[in-house]
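Quick notes on the structure that follows.
The values are calculated or read from the model by the stated rules, or taken from the named source; none is laboratory data. For clarity, every value in this text was computed on a predicted model and none was experimentally measured. Cβ placement follows ideal geometry from the backbone for every residue including glycine, while neighbour counts extend to all protein chains displayed. Protein only, heavy atoms only, side chains kept; ligands, DNA and RNA dropped before computing areas. Shrake-Rupley method; radii C 1.70, N 1.55, O 1.52, S 1.80 Å.
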Amino acid sequence: MKLSLSEARSVNKIEISRKSISTYCVKIHGVPVNRTHEEEISYTWSSKQEALICARGIGKMFNLPSELILIDSGI
C-alpha cells in the first residue's frame, strides 16, 4: 500500500535519486496513522532543484532532521 502524506503520522526518511538524465525521484518513507509498518510514496520531478525543494518542504512539514534527507551521490 502507498503512503498518503495527508494520513502520515511520521516520515522516517526521504531519498532523492536520479532516474534518468532529466528525471529525479523523491521517495518518502513513513508510517500512516492507522498502521504500524513503514510505507512509501514516490514523486518524480524534471529538475534537481524541484526535487530538492519537494524533499525540503516535506521534511519541514514533518520536522524531519536534515540528516535523514538522503541525496544519492550520482546527482
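Values computed for the structure shown
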read-out: Candidates ILE41, ILE53, filtered to the one that is among the aliphatic types (A, V, I, L, M) and either in contact with a helix residue (DSSP H, G or I) (Cβ under 9 Å, 6 or more places away or on another chain) or not in a helix (DSSP H, G or I) (or both); value: ILE41
read-out: Failed item, numbered, when ILE75 is tested on (1) at pLDDT below 95; (2) within 21 Å of SER10 (Cβ to Cβ); (3) not basic (Lys, Arg); value: (2)
read-out: Count of residues meeting criterion [under 15 Å from GLY74 (Cβ atoms) and either small (Gly, Ala, Ser) or open to solvent by 60 Å² or more (accessible area, probe 1.4 Å) (or both)] in the stretch 28-58; value: 2
read-out: Those residues of the stretch 3-27 which are surrounded by 14 or more Cβ atoms within 10 Å (Cβ to Cβ), modelled with pLDDT under 90 and not in a loop (DSSP other than H, G, I, E, B), in sequence order; value: LEU5, ALA8
read-out: Residue list for the stretch 44-75, restricted to those being within 21 Å of SER4 (Cβ to Cβ), small (Gly, Ala, Ser) and touching a strand residue (DSSP E or B) at 6+ places or on another chain (Cβ under 9 Å); value: ALA51, ALA55, GLY59
read-out: Members of the stretch 3-37 found to be within 17 Å of LEU70 (Cα to Cα), of a type in the set (D, E, K, R) and in contact (Cβ under 8 Å) with a residue 24 or more places away in the chain, listed by number; value: LYS13, GLU15, ARG18, LYS19
read-out: Breaking point among (1) over 16 Å from LYS19 (Cα atoms); (2) without any contact (Cβ under 8 Å) to a residue 12 or more places away in the chain; (3) in a helix (DSSP H, G or I), for ASN63; value: (3)
